[in-house]
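Every number in this text was worked out from the coordinates using simple rules, so none of it is lab data. Since the structure is predicted, the reported quantities are computational estimates derived from the model, not experimental observations. Cβ: placed from backbone, ideal geometry, glycine included. Neighbour counts: every protein chain shown.
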């Protein structure tokens, strides 16, 4: 220092604290300036800044348009003058770093060697930032910054710490961590937007009354196993695959249809009463039982392969291609009606006596064009016309007779 700056009372030069010369390798430089992607300073070397130029612990990055890394090597044994450095645990070195580049970051690392494969400490600052740290002679080249909370202007770590009250936080962007034992209240008119995230909840965490109207995402699978839905309200459309409806009545609204044409409806025997069967066309086989169609009209029974008709009336029916067989001991009774047959339809061998005396009922019968091969024994005959040819009258026992020629 100039002699004019000496203090008269002490006889020593005055020192202007915090006033430093900036440069690279020149003599008398206190704050070393640097540029480029990576700069390294070995503070244990007599040539830290250049030949016979130790480092004083002040560094400044200049503006060169790139993000930079500053490696401070062996600060725990830094030389504070040529050939003399810190030893043991009896020294602390102040480290000042300034980022003179306003647009790019500066990362400061405490290193054991130039390779710096495992930095003892790392600190990153934004453009235009600064930091003051310390290096302890017994600290293994670690750079100690004033607090472990503030890593740079935009990144802080509170790991292992408790913040009792954050006060009022206007804006927060939480990208990790866990929120425990905290109630989150969304103010009126505000929105908790989780549309791009996954929300994991305990079973039953959201009460049914809290679910508002809307549409569930398509393509998902939802399970209500073990739950009871007391009321679904109005369901406009539902596709129930493999579902069972138990202990409930299914009521269809007026003009609505239960369409099961593509499936199978399984019912218990006799579950649908005859009164509930609408007119239409049947297919398949009806189960065993007694069915009454009283008052109904069956327009077409189709082909009936087997029918057992025990009573009732058959009216206006023509039997064309089937045989009717009356079982043994049974009667085909047409006594109250008329049995119409075609000529010669009943063979003589099939004619038997009446049910009581074997007589034909009184009427007129015509055998015109027929030949009776044998009348058997006729006890009484009243022949009022015709011709008797080639016959002997009274051949055995003659009585009375009269012939007119």
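For region 163-247, build the convex hull from the C-alpha positions and give me its volume per residue in Å³.
Enclosed volume per residue, from the Cα hull, is 190 Å³.
Run the simple label-point estimate for residue 163 and residue 89 please: 7 Å along Cα→C-beta, distance reported in nm.
A separation of 3.5 nm, rounded to one decimal place.
If you take the Cα Rg of region 11-144 and divide it by 2.2 N^0.38 Å, with N the number of residues, what do you get?
The reported ratio for this selection is 1.01.
Order 108-119, 320-331 from most to least packed using the mean count of other Cβ atoms within 10 Å.
Result, highest mean Cβ count within 10 Å first: 108-119, 320-331.
Enter the mean projected area of the convex hull around the alpha-carbon atoms of the chain, in nm², rounded to one decimal.
Here the figure is 53.1 nm², rounded to one decimal.
Relative contact order for the chain using alpha-carbon pairs under 8 Å, separation at least 6, rounded to a whole percent?
7 percent
Which values of log₁₀ I(q)/I(0), to two decimal places, follow from the Debye formula for region 156-208 at q = 0.13, 0.15, 0.17, 0.21 Å⁻¹ with a uniform point scatterer at every Cα?
Values returned for q = 0.13, 0.15, 0.17, 0.21 Å⁻¹ are -0.50, -0.67, -0.86, -1.28.
Gain in length, residue 238 to residue 132, computed as 0.36 nm per residue apart minus the alpha-carbon separation, to one decimal in nm?
Using 0.36 nm per residue and subtracting the Cα-Cα distance, I get 31.4 nm.
Over region 11-144, what relative contact order in percent results from Cα pairs under 8 Å that are six or more residues apart?
That works out to 22 percent.
What is the antiparallel percent of DSSP beta bridges lying wholly in the chain, to the nearest 5?
50 percent
Using 1/(1 + (r/R0)^6) with R0 = 60 angstrom and r between the beta carbons of residue 221 and residue 118, what's the FRET efficiency to the nearest 0.05?
Computed FRET efficiency for residue 221 and residue 118 comes out at 0.80.
Can you tell me what share of the DSSP beta bridges in region 11-144 is antiparallel? A percent to the nearest 5 is fine.
If I count the DSSP bridges inside region 11-144, around 45 percent turn out antiparallel.
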